[in-house]
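Below: one structure, written as structure tokens.
The values are calculated or read from the model by the stated rules, or taken from the named source; none is laboratory data. Note that the structure is predicted; figures quoted are calculated from it, not measured. Note that each Cβ is placed from the backbone with ideal geometry, even for glycine, and that neighbours are counted across all protein chains shown. All accessible areas refer to the heavy atoms of the entire protein, side chains included, with ligands and DNA or RNA removed. Shrake-Rupley method; radii C 1.70, N 1.55, O 1.52, S 1.80 Å.
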Amino acid sequence: MADAVDKVLELWRAERPDLDPWPTAVIGRVGRLARLLDRWQKEFLAPFGMENWELDVLTTLRRSGPPYELTPGALLRAAMVTSGAITNRIDRMEAKGLVERVPGSGDRRSVRIRLTRRGHQVLDEVFPHAIEQGERLLAVLDDDERENLVNALRSLLESMGDTSLD
């Protein structure tokens, strides 16, 4: 079975037979998959009144463990967005009652972002459905394919320096 990237590769091979466009086979598919997954997640989250980035912030806070709070800088690194973007996101989630700003210990200027009871409840409702959706999406892969894909993606991320959330 062929996909859209196979057609792109075929066209490049005809246009430039002197080049082997094999990197496009990976990079093109990863890019297309990222866009498709983003759209898929938006459609999944819409009935819950959530955005992709909100789920990202909620899950990041929840997996941090009690008291389910992080500095804005830690959230910034986890979300890989600009500081202005994370401030805007925190503002919007605070207005929805999903997170709250709490004073940091020792320094009055420092602040931590904490998951609220409502944020905790919303995530507890949504996250099991997200896992089920992910399982359905990945059901096309057998166990070996899943493991190989996970390992290959990990290798690519490590090679690009994405080795830690800290």
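For the chain, find the longest principal axis of its Cα atoms and tell me its angle to the long axis of helix 83-95, 0 to 90°, nearest 10.
In the chain, helix 83-95 runs at an angle near 60 degrees to the longest axis.
For the stretch 49-166, what % of the accessible area comes from carbon and sulfur atoms, probe 1.4 Å?
In the stretch 49-166, the share of accessible area belonging to carbon and sulfur is 52 percent.
Which number comes out as Rg/Rh for the stretch 29-166 once both Rg and the Kirkwood Rh are worked out on C-alpha atoms?
Result: Rg/Rh = 1.00.
At most 11 other Cβ atoms within 10 Å plus a DSSP loop assignment makes a site exposed; report the longest stretch of the chain without any exposed trypsin sites (Lys or Arg not before Pro).
Within the chain, the longest run free of exposed trypsin sites (Lys or Arg not before Pro) spans 1-107.
For the stretch 1-96, what value does the Rg/Rh ratio take when both radii are computed over Cα atoms and Rh is the Kirkwood radius, given to two decimals?
Taking Rh as the inverse mean 1/r over Cα pairs, Rg/Rh reads 1.18.
Quickly estimate the mean residue ellipticity at 222 nm for the chain, helices only: each DSSP H run with n ≥ 4 gives -39500 (n - 2.57), and the total goes over all residues, rounded to 500.
-21500 deg cm²/dmol
At 1.4 Å probe size, with every protein chain present, just tell me what the per residue accessible area of the chain comes to in Å².
Accessible surface, normalised per residue, equals 70 Å².
Mind pulling the angle between the C-alpha long axis of helix 52-63 and the longest principal axis of the chain? Nearest 10 degrees, somewhere in 0 to 90.
With both axes taken from Cα atoms, the answer is about 60 degrees.
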